[in-house]
1. Are there any pairs, at least 6 apart or on different chains, whose C-beta atoms fall under 7 Å, with the first in the range 297-320 and within 18 Å of Val348 (Cβ to Cβ) and assigned by TED's automatic domain parsing to the domain that holds Lys337 and the second of a type in the set (D, E, K, R) and part of a loop (DSSP other than H, G, I, E, B), and if so, which?
2. Out of Val111, Val103, Val115, report the one residue that is under 20 Å from Gly65 (Cα atoms) and either at pLDDT below 95 or part of a loop (DSSP other than H, G, I, E, B) (or both).
3. Val286 - would you say it is touching a Gly at 6+ places or on another chain (Cβ under 9 Å) and either outside the structural domain of Arg234 (by TED's automatic domain parsing) or modelled with pLDDT of 80 or more (or both)?
4. Within the range 321-362, take every residue that is among the polar types (S, T, N, Q) and within 18 Å of Leu297 (Cα to Cα) and give me the one that is surrounded by the most Cβ atoms within 10 Å (Cβ to Cβ).
5. Whether any residue in the range 165-180 is in a loop (DSSP other than H, G, I, E, B), modelled with pLDDT under 95 and not assigned by TED's automatic domain parsing to the domain that holds Arg412 is what I want to check.
6. Pairs needed: first member in the range 243-257, in contact (Cβ under 8 Å) with a residue 60 or more places away in the chain; second member anywhere, surrounded by 12 or more Cβ atoms within 10 Å (Cβ to Cβ) and not in a helix (DSSP H, G or I); C-beta distance under 7 Å; at least 6 residues apart or different chains.
7. Contact list please: Cβ distance under 6 Å, first residue in the range 160-182 and within 11 Å of Ala255 (Cα to Cα) and among the basic types (Lys, Arg), second residue assigned to a helix (DSSP H, G or I) and at pLDDT 85 or above, pairs at least six apart or on different chains.
8. Just to verify a result, which residue in the range 300-311, among those that are not small (Gly, Ala, Ser) and not in a loop (DSSP other than H, G, I, E, B), is surrounded by the fewest Cβ atoms within 10 Å (Cβ to Cβ)?
Amino acid sequence: MTRRGRTVVWSGGVLAVALLAVAGAAAWVYQDLNGNIHSADVDNKIGGGRPVNMSPGSKNILVVGSDSRKGANAKYGKDLTTMQSDTLMVLHVAADRKWATVVSLPRDSWVSIPVCDRGDGSTSAPHHFKINEAFAIGGTSGEVAGAAACTIKTVERNTGLRIDHFMSVDFQGFKGMVDALDGIEVCPGAPIHDKKAHLDLAAGCRTVRGEQALGYVRTRYSLGDSSDLGRIGRQQEFMEALAAKAQQKLTSPNALYRFLDSATGSLTTDRALAGIKPLSGLASEVKGIPGDRLTFLTVPNYPREADVPADKANVLWQYPQAAGLFAALAKDQEVDKKQLEAASRNPVHAHTVRVQVLNGTGTPGQAAKVADTLRTVGFTIAGVGNAPLAADRTTVAYPQGLAAQARVLASRLPGVGARQDAESAPGVVTLTVGADFHALR
């Protein structure tokens, strides 16, 4: 079992043991901790048009590490006045509870942000931007419910997965959990000096607590390649160490209470999960999954700079691999991590796909509109025109030799496949926009 897989096992086990221990504790302890958990009603904010649940019994849980700058968190970014999502993951628990997969979504992922209710009486316009902006848009008024709703809409829009539950944990709760365990040992191989993360550490092993612990999992620009992907790896390793120490330390009633008081006090969930009983039930399900059936993945991606040279800050999800990953989870099919990684080694960058867009809808300007969206996500537009015949269905056709490029385009169009056509224009993939066209994923 991989280190990241063990992280999920241990975290689920620790949470299960801790929550079940509280469930059997004195009534006042149970009520105190149960009352800590905040609930948010997102159902009325998400709206319609959501993905169909293709695997009844399975669960997709969106986990958000909140980068809110309210209250005690203000010191971490005075230039940020909105709520932010610092960490974003989707936990898929299989219907038979025999396996689970956790998919990390880099916060710098360049994705489609749908229309969202800002919570201040206005709505945002659909556009493309980094995925963590969704939390900020929905949380304009400072309410987690709105932030979660917009994030759920964005994740559903780009993955095709139906999100069943969400959890949000903020900075202060993380520090409290670490302090309840008397700190966590880290061993940086080089000195870390990061003003943004409020961190100044010498190289070598040491125990970090409170502000230092938070700074260590937040640091980005002073370690490795300064990417969000590197930070995801460090966060996963830190959580592994935290979970392992929690197993050792939570035998003390006092330590257990302090740990769960911090955890539950910083936790916001949807209404169905907002309580010790439903959370302990979920934790028990995760704990019971065999270690070799737990997989921790990061959605396949590559630097957006490959398609848009001026953008050195964001990443694009790699297609068709990302689409295949989410389609498998939507159908409750276990993903082979090694196969996914092997298939992702040589990405076909969007700019290498030359697309001819034809309008088969009869609506003037539709081809040009779709072409503009394709350009936004990196595709090269070879031409725009009208289809010779009206088309009810959207199609992707390609000449011999362009199968890989056609799959990249088709995988971004839900329900659309690619077919080879000897009459296709040479050197380009032809997208005929039909009456059924909705949007690009």
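The values are calculated or read from the model by the stated rules, or taken from the named source; none is laboratory data. No experiment lies behind these values; they were computed from the predicted model shown. All Cβ positions, glycine included, derive from the backbone under ideal geometry; neighbour counts span all protein chains shown.
1. The qualifying pairs are Arg304/Asp311; Glu305/Asp311; Glu305/Lys312; Val315/Asp108; Leu316/Asp307; Tyr319/Arg412.
2. Val103
3. Judged against the criteria, Val286 is not a match.
4. Among those that are among the polar types (S, T, N, Q) and within 18 Å of Leu297 (Cα to Cα), it is Gln321.
5. no
6. Going by the 7 Å Cβ cut-off, the qualifying pairs are Lys245/Leu181; Lys245/Ile184; Ala246/Leu181; Lys249/Leu181; Leu256/Leu250.
7. Once the first residue is within 11 Å of Ala255 (Cα to Cα) and among the basic types (Lys, Arg) and sits in the range 160-182, no partner that is assigned to a helix (DSSP H, G or I) and at pLDDT 85 or above comes close enough.
8. My answer is Glu305.
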